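First up is the structure itself, then whatever we jot down about it.
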Amino acid sequence: CCRSPAWDRPSRPPPSPLQPPGRPLAPCRSFSNNKIQVELDESSGVAMMKFKSPPVNSLSLELLTEFSISLEKLENNRACRGVIITSAVPKIFSSGLDITEMCGKSMEHYTEFWRAVQEMWLRLYGSSMVTVAAINGSSPAGGCLVALSCDYRIMAENPKFSIGLNEAQLGIVAPFWFKDTFVNVVGHRIAERSLQMGSLHPAPEAHRLGLVDELVPEEKLMEKAAAVMAQWLALPDHARQLTKTMMRKAVLDRLVAHREEDIKNFITFISKESIQKSLRMYMEMLKKRKS
Amino acid sequence: CCRSPAWDRPSRPPPSPLQPPGRPLAPCRSFSNNKIQVELDESSGVAMMKFKSPPVNSLSLELLTEFSISLEKLENNRACRGVIITSAVPKIFSSGLDITEMCGKSMEHYTEFWRAVQEMWLRLYGSSMVTVAAINGSSPAGGCLVALSCDYRIMAENPKFSIGLNEAQLGIVAPFWFKDTFVNVVGHRIAERSLQMGSLHPAPEAHRLGLVDELVPEEKLMEKAAAVMAQWLALPDHARQLTKTMMRKAVLDRLVAHREEDIKNFITFISKESIQKSLRMYMEMLKKRKS
Amino acid sequence: CCRSPAWDRPSRPPPSPLQPPGRPLAPCRSFSNNKIQVELDESSGVAMMKFKSPPVNSLSLELLTEFSISLEKLENNRACRGVIITSAVPKIFSSGLDITEMCGKSMEHYTEFWRAVQEMWLRLYGSSMVTVAAINGSSPAGGCLVALSCDYRIMAENPKFSIGLNEAQLGIVAPFWFKDTFVNVVGHRIAERSLQMGSLHPAPEAHRLGLVDELVPEEKLMEKAAAVMAQWLALPDHARQLTKTMMRKAVLDRLVAHREEDIKNFITFISKESIQKSLRMYMEMLKKRKS
């Protein structure tokens, strides 16, 4: 059975960015890293990818790197045609970018971190596999970006779970490619208001706005995700992949063309004392909330 | 009465592509070709254009050529201000591009065929006349493109009739200008999902998605189309035409700028053995279904 | 109390177009010009801007100039973070561009007028303040543009009040940047139809189309506008401003890049005898309606 986890950390050299699929790796049924668990069901061609970085699945440098490597491994595995992304941590899908990576660190660290965020998005938004987000908890900021980058979003219909690009609430600005991804899903008007207000939308509102495609009772979430995936996989891969590329290429190309500039912007912004202060205050608040 | 069909095939040299209106032709009340019947009511300024190419109004090279010529004739006739496009064949609006034109033919034939598809769309999407689609049957693929290219879409509310750009179901990819036309109507998110899955939407769903503007009982379809046309024709032509051009120019210009490249892409794609095989299998299936 | 009007007409040289904020002017609690009354509540940071140019708040050269100057004054006043725009005239928000400015005047006048229209839009759509339209009456054409350029639109739910870019009804064409602003709010499909037909949408329909964000009973309009403004002002300014710029820059830049060309187009169009005739007839009709 493919459910038994195997600790199969990649020993190959790090993947070159956006290498096209082609040379299939040795088949791997399931593998796990420190932060993400991956199980591939070769009979259906569907991989289950679970964030398991408690307490809140922060997108740390380590998690992002594992995420990109896992996506690349699956992309290169011909047995895999689709990925369901979900969380192994209760009540949270992902809390978004790890603020500790953006606070009090060196320029080199900021550069490495931001490049990893870009890399993850380029791989996920540009994936030739069918990607379904099974959003089983709250999903602010970068967590929302992960969901927005999939082909289809199903969310547990718990109104306590919310989702949105709430960067503005923290006094920071979502980068242009977060914005482009958001606009492609909800349109300009909803994106403009939601981004300016840094809104976190409870599941029912997120559904009304089109931010998620479907709500289901929490206990039916994985079953539904599998059913939706089966529908998508009933289509021939090649035409679907070309169609997906056609729809997403303009937005992907925009980041590829401005990648270094985007890193510079991030570093300039994050290095400001006022921003560092906001982030420190935010972290303090999170610590107090916990205790 | 303008209802009596006259066989008035154009004897003029073939029209230069996208020639601007200006020199009005001799007035023609109604004319018919092999595949399309056109009746112009000079009192209202409205032409009725009916596909009559049984069994399913396939967009063959012949039909497409007649379509473009008919549009040009009406465009150049000052007595004509609007066109209602519908089908004379029960249960089908148009089944889309004729697959026999894309299967086992020469490069020259593919080139000629694809140029005719482009020409039809450039004339219809860029028409200065008011164009209303009265969709009285199913309308997959190229049939859907015809409807999407009109100013307004009314569909018979029969849930057995469906509409969509279902190319991906056949293993082929809708060209970028099909996609652009679709996105302009339903927005990016709905287009992305519908195109990837090659969805055929039953009339009620098509209405919910905004793919068609209105549903009416089948027996009221033509009456409603005439009423909608009258509303549009209540506006002064010139400002409406300039406004339409402003809305559609970017997407029209994109094909004009990449027309030869688009033909090459089509030929390369359609010439692949795997694609030819898919199309042959699809035609076999259609034949079996008939018998 | 900041409600007492002070006649504080600017004695400084006219503002250079789009000068960035920075040098705060001397604080002003409230000021009024001939056509617009402005009251700033320094405790909340919210200015109330009221069109008071009876009978219908036509956007004359004088009103437009006062509008731009008022916006600049508030933009440069650090005590001001948000503006509520509304009308002091019953039943009308603004009737749009003043037709008398476009009829029987010199080329120089047309140039000056059109530049003032552009200037107003560049300042309003690009404002770093939170802008809320409290639409307490009908709002055709240029009046609709003012509302569309705000961050949020609340309309009195009176079905007798209507809003829309109805230029096509008058035989004229909304400029491309009116269209871009409209598309950003309602999307391409709704904009295409509404602009071609020159539709004026009654308040409930405007709400359904997304043209306005909210309807409230007329007597609650100002209360609601203040509540919405307070929500927006709960956000830190800097991130919200950068986000707004990111969303609107492409459309603003397009006019900045084509400003002189746009003026020329306007003059060429408006100088046509056929257009002058339409406008004269329209003014005659308005006069007759009044008496």
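The values are calculated or read from the model by the stated rules, or taken from the named source; none is laboratory data. Since the model is a prediction, treat every value here as computed from it, not as a measurement. Neighbour counts are summed over all protein chains in view; Cβ atoms, including those assigned to glycine, are modelled from backbone coordinates with ideal geometry. Calculation scope for accessible area: heavy atoms of the full protein, side chains included, ligands and nucleic acids excluded. Shrake-Rupley method; radii C 1.70, N 1.55, O 1.52, S 1.80 Å.
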Subset of the range A:251-271 [surrounded by fewer than 18 Cβ atoms within 10 Å (Cβ to Cβ) and facing another protein chain (nearest Cβ under 10 Å)]:
A:Phe269
What is the residue count in the range C:67-120 for residues that are touching a helix residue (DSSP H, G or I) at 6+ places or on another chain (Cβ under 9 Å), open to solvent by less than 30 Å² (accessible area, probe 1.4 Å) and in a loop (DSSP other than H, G, I, E, B)?
5
Taking the range C:51-66 and keeping only residues that are of a type outside the set (S, T, N, Q) and crowded, with 20+ Cβ neighbours inside 10 Å, one is left with C:Phe51, C:Val56, C:Leu59, C:Leu63, C:Leu64, C:Glu66
So which of B:Glu167, B:Glu192, B:Glu223, B:Glu219 is touching a residue at least 24 places away in the same chain (Cβ under 8 Å) and open to solvent by 10 Å² or more (accessible area, probe 1.4 Å)?
B:Glu167
Set C:Arg123, C:Arg193: member being on the phi < 0 side of the Ramachandran plot, charged (D, E, K, R) and in contact with an Asp or Glu (Cβ under 7 Å, 6 or more places away or on another chain)
C:Arg123
Taking the range B:199-255 on its own, how many of its residues are small (Gly, Ala, Ser) and farther than 30 Å from A:Leu235 by Cα?
7
Kindly evaluate C:Ser58 against the criterion of being at pLDDT 95 or above and under 23 Å from C:Gly210 (Cα atoms).
no
At least 1 residues that are farther than 30 Å from A:Glu167 by Cβ in each: list the helices (runs of 4 or more DSSP H) lying fully within the range C:235-291 that qualify.
C:259-271, C:273-290
Could you say whether any residue in the range A:99-116 is closer than 26 Å to A:Asn158 by Cβ and modelled with pLDDT of 95 or more?
no
Can you confirm whether B:Met197 is at pLDDT 95 or above and farther than 26 Å from B:Asp98 by Cα?
no
Would a scan of the range A:15-33 turn up a residue that is closer than 18 Å to A:Ile135 by Cα, part of a strand (DSSP E or B) and either within 21 Å of the chain's Cα centre (by Cα) or modelled with pLDDT of 50 or more (or both)?
no
In the range C:109-131, is there at least one residue being under 20 Å from C:Ser32 (Cβ atoms), over 14 Å from the mean Cα position of the chain (by Cα) and of a type in the set (S, T, N, Q)?
no
Here are some conditions: (1) within 30 Å of B:Leu242 (Cβ to Cβ); (2) touching a strand residue (DSSP E or B) at 6+ places or on another chain (Cβ under 8 Å). B:Leu122 meets all but one. Which one does it not meet?
(2)
Taking C:Met247 as the residue in question, decide whether it is of a type outside the set (D, E, K, R) and either loosely packed, with under 13 Cβ neighbours inside 10 Å or closer than 30 Å to C:Ser127 by Cα (or both).
yes
Residue check, C:Leu211 open to solvent by less than 10 Å² (accessible area, probe 1.4 Å) and touching a strand residue (DSSP E or B) at 6+ places or on another chain (Cβ under 7 Å):
yes
Of all residues making up the range C:121-156, the number that are of a type in the set (A, V, I, L, M) and open to solvent by 10 Å² or more (accessible area, probe 1.4 Å):
1
